[in-house]
1. Return a whole-number percent for the relative contact order of region 96-169, with Cα pairs under 8 Å and 6 or more residues apart as the contact set.
2. Could you give the distance between the Cα centres of region 126-142 and region 34-68, to the whole Å?
3. With a probe of 1.4 Å, find how much accessible area region 105-169 has per residue, and write the answer as a whole number in Å².
4. What is the sum of charges, Lys and Arg at +1 and Asp and Glu at -1, for the other residues whose Cβ falls under 13 Å from the Cβ of Arg67?
5. Once you put a point 7 Å from the Cα of His27 and another 7 Å from the Cα of Ile104, both along the Cβ direction, what distance in nm separates them?
6. For the chain, give the share of DSSP beta bridges that are antiparallel, in percent and rounded to the nearest 5; count only bridges with both residues there.
7. What is the percent carbon and sulfur in the accessible area of region 1-52, measuring with a 1.4 Å probe over the protein chains and ignoring ligands?
8. Given the rule -39500 (n - 2.57) for each run of at least 4 DSSP H residues, summed and divided by the residues of the chain, what is its mean residue ellipticity at 222 nm, to the nearest 500 deg cm²/dmol?
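The values are calculated or read from the model by the stated rules, or taken from the named source; none is laboratory data. Keep in mind that this is a model prediction, so the values were computed, not measured. For neighbour counting, all protein chains shown are included, and Cβ atoms are generated from backbone atoms with ideal geometry for every residue, glycine included. Note: accessible area is taken over every heavy atom of the protein model, side chains too, but ligands, DNA and RNA are not part of it. Shrake-Rupley method; radii C 1.70, N 1.55, O 1.52, S 1.80 Å.
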Amino acid sequence: MSLKLGRECRNYSYSHYFDDVAPGALHPTRGERCENLEGLTFADSTIDLMISQDVMEHIFEPAAAFREIARVLKPGGAHVFTAPLVNKAKPSQRRAQRLNDGSIRHFFEPEYHGNPVDPEGSLVTMNWGYDIASFILTETGMPSVVIQIDDISSGIRAEYIEVVVSFKH
């Protein structure tokens, strides 16, 4: 959630994914919309700008998620997101896969990141590299750029500070 976007963007909305809430519904106590990036409830071509922050490394079916994002973006729309590109110039790697029976197959020792809605954290399913841009293009037809911001005067200097922007024609 961004307070700034909430103040300055008339139709701004935000969501989280909750296992126990129907997609598109509001969480009963938090009041936040539930959305699953692998199956969004928004109609085709209805979103101008989608922003996701440190989510794409936790998606079991990233191809489906990127296709869904492309589906709901309006022509000329964009998806701006962050994800740690831990593999840098090496190929992206799947860390975990959900099997048909719902169980999880781990290819590496399980790793979890903090999650604002789950104190147990979120399982890391992908180690992305710079090839994420070509992955998105292949899956969606949306060209993407990886931007690395290093501006010590603004207090930005760290590892994994890339921002990815995908554009829908």
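1. Values: 83 pairs, mean separation 14.2, N = 74.
Across region 96-169, relative contact order equals 19 percent.
2. Cα centroid to Cα centroid, the span is 14 Å.
3. Numbers: 3980 Å² over 65 residues.
The answer is 61 Å² per residue.
4. Details: positive: Arg71, Lys168; negative: Glu38, Asp44, Glu61, Glu68, Glu139.
Once positives and negatives cancel, what remains is -3.
5. Between His27 and Ile104, the simple spin-label model gives 1.8 nm.
6. Details: 19 of 28 bridges.
Looking only at bridges with both residues in the chain, the antiparallel portion is about 70 percent.
7. 51
8. Numbers: 3 runs with 26 residues, N = 169.
When only DSSP H runs of four or more count, the value is -4500 deg cm²/dmol.
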